[in-house]
Amino acid sequence: MSRIGKMPISIPENTSISIDGNVVHVKGPKGELSQTISDHVTVDIQEKQVEVKRKDDSKESKARHGLYRSLINNMFIGTAEGYKKELELNGVGFRATATGQNLELVIGFSHNVLINLPAEIKVVATSERGQNPTIVLESHDKQLIGMVASKIRSLRKPEPYKGKGIRYKDEYIRRKAGKSAAK
């Protein structure tokens, strides 16, 4: 049996859950999320806990048991506390400016890169003297914020020789030695 799927989910303060057919709705102070649930699992709501149970012991039910428990748990965390991703720009002349839902990046291409972000994401771009520019993304939807952060990172992935590019704040880039000089 799934170890993750067996664990009950505690409902945080100021959040509520409702089930409408196969759709689970979670509402909290940061926002509202919904997730369609497979027919292989059922969601049981008690007073302060939610349990995800599978209908049978088929392979698909076992696979989806822990998945939907994690998705519902992420919905509770997102609507109660929210998620945050920080990206760092490493490179000479790399800059980021945020105006509303638009993010403008100067990352070494001939033109600036403009990204229009979804309304659910708040973006802040900071650049302090002596520090690399940073982009901070905040949202209540973990899947959406992860997708947007990886899309921004994919514009200029960090390279292993000089470390230039866009990387996550806590990411470690394994550096390689360059060419050695000829004798």
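The values are calculated or read from the model by the stated rules, or taken from the named source; none is laboratory data. Because the structure is a prediction, the values reported are computed rather than measured. FYI the Cβ positions are ideal-geometry reconstructions off the backbone, even for glycines, and counts take in every protein chain you see. SASA here: full protein model, heavy atoms, side chains in, ligands and nucleic acids out. Shrake-Rupley method; radii C 1.70, N 1.55, O 1.52, S 1.80 Å.
Quick one: which strands (runs of 3 or more DSSP E) lie wholly within region 56-107 and hold at least 1 residues that are surrounded by 15 or more Cβ atoms within 10 Å (Cβ to Cβ) and free of Cβ contacts under 8 Å to residues at least 24 places away in the same chain? Show your work before the answer.
Details: elements: 83-90, 95-99, 102-106.
The qualifying strands (runs of 3 or more DSSP E) are 102-106.
Hey, among the residues in region 35-54 that are of a type outside the set (A, V, I, L, M, F, W, C) and within 11 Å of I72 (Cβ to Cβ), which one's nearest to the chain's Cα centre (by Cα)? Steps first, please.
Within region 35-54, the subset of a type outside the set (A, V, I, L, M, F, W, C) is 35-36, 38-40, 42, 44, 46-49, 51, 53-54.
Still in the list and also within 11 Å of I72 (Cβ to Cβ): 35, 51.
Working: Q35: 16, E51: 24 Å.
Looking at the filtered set, the residue picked out is Q35.
Report yes if Q49 is modelled with pLDDT of 90 or more, closer than 30 Å to L117 by Cβ and open to solvent by 20 Å² or more (accessible area, probe 1.4 Å), otherwise no. Quick ask: steps written out before the conclusion?
Details: modelled with pLDDT of 90 or more: yes; closer than 30 Å to L117 by Cβ: no; open to solvent by 20 Å² or more (accessible area, probe 1.4 Å): yes.
No; evaluated as a whole, the condition is false for this residue.
Take the residues in region 160-183 that are exposed (fewer than 12 other Cβ atoms within 10 Å of the Cβ) and aliphatic (A, V, I, L, M); name whichever of them is modelled with the lowest pLDDT.
Applying the filter and picking the extreme gives A182.
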